[in-house]
């Protein structure tokens, strides 16, 4: 698939060829009129009119070409900016869905009422979630653009909680239930964010 730069170059080349063709036709017309006037086939002032017309056309082209180029440069920049925003939304949406899925899985594992074990699978689930979340803790707020800051914050907040809560072993079922409830709160926030991001993505695609 051609990129936008190739498209712009192709249009510029086509326009240049059209202008060259128009220039050739104009000079052919001027030369022909001069020849016809010289042989008395046209009135004597005809060549002057043709030259005046050619000068007007040259002025019009000199104005139109830069204007056309500027308009298409602006259109190209707008398309590139929209593509950047779409890519940013896609990246944040993927992170949101990825983290949300892991939080939901961990919450379901913590709900199980198990006897105290040396290697409690519930705590192992907490540590697994912490490992997954650790990459999001140091996520730059503006890495996906300033408009994505409000969406990156909940991701960082959830990730920080997952890492911190897994630093201390838990001994009682009630503690696991409290952590599971907090995980589900984070899932709820991330799911609402997912819906907003999908709507935002669709609006950018329609634009």
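The values are calculated or read from the model by the stated rules, or taken from the named source; none is laboratory data. Quick caveat, the model's predicted, so the values are computed rather than measured. Cβ atoms come from the backbone with ideal geometry, glycine included; neighbour counts cover every protein chain shown.
Quick notes on this one:
- Taken over segment 166-178, the criterion of being in a helix (DSSP H, G or I) and either in contact with a helix residue (DSSP H, G or I) (Cβ under 6 Å, 6 or more places away or on another chain) or not assigned by TED's automatic domain parsing to the domain that holds residue 134 (or both) is satisfied by 176 alone.
- The condition (being exposed (fewer than 15 other Cβ atoms within 10 Å of the Cβ), in contact (Cβ under 8 Å) with a residue 12 or more places away in the chain and out of contact with any helix residue (DSSP H, G or I) (no Cβ under 9 Å at 6 or more places or on another chain)) is satisfied by just one residue among 84, 79, 71: 84.
- Some residue of segment 112-121 being over 21 Å from residue 84 (Cβ atoms), touching a helix residue (DSSP H, G or I) at 6+ places or on another chain (Cβ under 7 Å), surrounded by 14 or more Cβ atoms within 10 Å (Cβ to Cβ) and free of Cβ contacts under 8 Å to residues at least 24 places away in the same chain: no
- Criterion (in the same structural domain as residue 97 (by TED's automatic domain parsing), in contact with a helix residue (DSSP H, G or I) (Cβ under 8 Å, 6 or more places away or on another chain), surrounded by 14 or more Cβ atoms within 10 Å (Cβ to Cβ) and at pLDDT below 95) met by exactly one of 143, 137: 137
- Count - residues of segment 100-128 that are at pLDDT 85 or above and over 40 Å from the mean Cα position of the chain (by Cα): 1
- Between 130, 158, the distinction of being touching a residue at least 40 places away in the same chain (Cβ under 8 Å), buried (at least 16 other Cβ atoms within 10 Å of the Cβ), on the phi < 0 side of the Ramachandran plot and in contact with a helix residue (DSSP H, G or I) (Cβ under 9 Å, 6 or more places away or on another chain) belongs to 158 only.
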